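Before anything else, here's the structure in question.
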Amino acid sequence: MKSLIRFCAIVLCLSALAGAQVTAAVAANMQFAFEEVRAAFSKKTGIETKAVYGASGKLQSQIRSGAPFDLFVSADTEWPDSLVKGRHAVGKPQVYALGRLVLWTNAGIDVSKGLATVEEPSVKKIAVGDPKVTVYGPAALVALEKAGLKAAATPKFVYGASITQVAQYVATGAAQIGFVAKSQMLAGPLSGKGHWVELPEVESIPQAAVVTRYGKDNNPKSSQALLDFLVGPEGRTILARHGYLFP
């Protein structure tokens, strides 16, 4: 009897949400994974789900300026936390996945040496995310610093405004190698192109999501439902296929 009541409550809740709309501001490294997440979520709940992709730093700045995003899906934990502290988001940011940094080439460079590849004479340009607005960019810089390779790599840097632009630099030959997200290599137009290697010396990157103040004030149930789906078993199944790990 209790199971029947619980089932009916879930059905009624989903019925009430059907026809609603929710918009998420999503870190660029999550683009291909989140497209699957939002499609599965909309199919299950009937909630129309839209996404705007970009560098986490730029997205959080837009949210601070009043952009009508219901959910912030960041590439780190610090920006969501800063939004909560500034009262631009509510609740506690939830870590939904751990991202992995990889080194990728589309120019036939041997990247099997990992970070040491930056010293190769054939590497003239290295694409990396702008440390002011991206997360994977600073992660690469920290790794190079620890390995004693940052001084050699810095003169070769070309900075991308997002992890997507970093990948574009490598794809088009503007850079011989680049530091990108593993998820970019497993789906989308870059899948199967060039060669990439994981960087075991680089720690996985905790990525968190949070309901914005706008979402809380305008679409509280839909916003929370999307967050719950992302961090729940169905969301994790999708993210795992895209190379993400979990805490």
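The values are calculated or read from the model by the stated rules, or taken from the named source; none is laboratory data. Because the structure is a prediction, the values reported are computed rather than measured. Because the Cβ atoms are built from the backbone with ideal geometry, glycine has one as well, and the counts that use them run over all protein chains shown. Areas reflect the complete protein model, heavy atoms only, side chains present, ligands, DNA and RNA absent. Shrake-Rupley method; radii C 1.70, N 1.55, O 1.52, S 1.80 Å.
Report the label-to-label distance for residue 98 and residue 217 in nanometres (one decimal), using points 7 Å from each Cα along the Cα→Cβ vector.
Using points 7 Å along Cα→Cβ, the separation is 3.7 nm.
Could you work out how much longer the chain between residue 201 and residue 174 gets when fully extended? Use 0.36 nm per residue separation minus the Cα distance between them, nm to one decimal.
Values: separation 27, 0.36 × 27 = 9.72 nm, distance 2.63 nm.
That works out to 7.1 nm of additional length.
Need the C-alpha centroid separation for region 73-92 versus region 132-185, integer Å.
25 Å
Ok, one more. Measure nothing but the geometry: give the 0 to 90° angle between the long axis through the Cα atoms of 220-231 and the longest principal axis through the Cα atoms of the chain, rounded to 10°.
50 degrees
Probe radius 1.4 Å, ligands and nucleic acids left out: which of 50, 221 has the largest accessible area, and how do the rest follow?
My answer, sorted largest first, is 221, 50.
Turning to a different aspect of this structure: Report the label-to-label distance for residue 119 and residue 65 in nanometres (one decimal), using points 7 Å from each Cα along the Cα→Cβ vector.
Those two pseudo-labels are separated by 4.3 nm.
Of 224, 94, 62, which has the largest mean-square fluctuation in a 10 Å C-alpha GNM of the chain?
62
Given [x] 18.7, 56; [y] 17.6, 53; [z] 19.3, 71, which label gives Rg and Dmax of the Cα atoms in Å as computed from the coordinates?
Given [x] 18.7, 56; [y] 17.6, 53; [z] 19.3, 71, the structure-derived one carries the label [z].
Provide the solvent-accessible area of residue 53, counting protein heavy atoms only and rolling a 1.4 Å probe, rounded to the nearest 10 Å².
Around 60 Å² of this residue is reachable by solvent.
So, one more: Give me the accessible area per residue for the chain, probe 1.4 Å, as a whole number in Å².
Counting only protein heavy atoms, the per-residue value for the chain is 46 Å².
Right, another one. Can you show me the helix-derived [θ] at 222 nm for the chain, built from DSSP H runs with n ≥ 4 at -39,500 (n - 2.57) apiece and divided by the number of residues, rounded to the nearest 500. Walk me through the numbers before you get to the answer.
Values: 11 runs with 105 residues, N = 247.
Result for the chain, helices only: -12500 deg cm²/dmol.
Relative contact order of the chain, please, whole-number percent, based on alpha carbon pairs below 8 angstrom and at least 6 residues apart.
29 percent
Related question: Note the full-extension length gain between residue 146 and residue 44 as 0.36 nm times their separation in residues minus their Cα-Cα distance, in nm to one decimal.
32.2 nm
Can you put 234, 78, 120 in order of accessible area, largest first, using a 1.4 Å probe?
In descending accessible area the options line up as 78, 234, 120.
Ignoring ligands, DNA and RNA, please state the percent of accessible area on the chain from carbon and sulfur, probe 1.4 Å.
Of all accessible area on the chain, carbon and sulfur atoms account for 56 percent.
Another question about this same structure. Using a 1.4 Å probe and ignoring any ligands, DNA or RNA, find the accessible area of residue 35 and quote it in Å² to the nearest 10.
Counting only protein heavy atoms, residue 35 exposes about 70 Å² to solvent.
Tell me the angle of helix 2-17 to the major Cα principal axis of the chain, expressed in degrees between 0 and 90 and rounded to the nearest ten.
Approximately 70 degrees, to the nearest ten.
Okay, moving on. So how far apart, in nm, are the two label points at residue 228 and residue 191 if each is 7 Å from Cα heading toward Cβ?
Distance between the two pseudo-spin positions: 3.0 nm.
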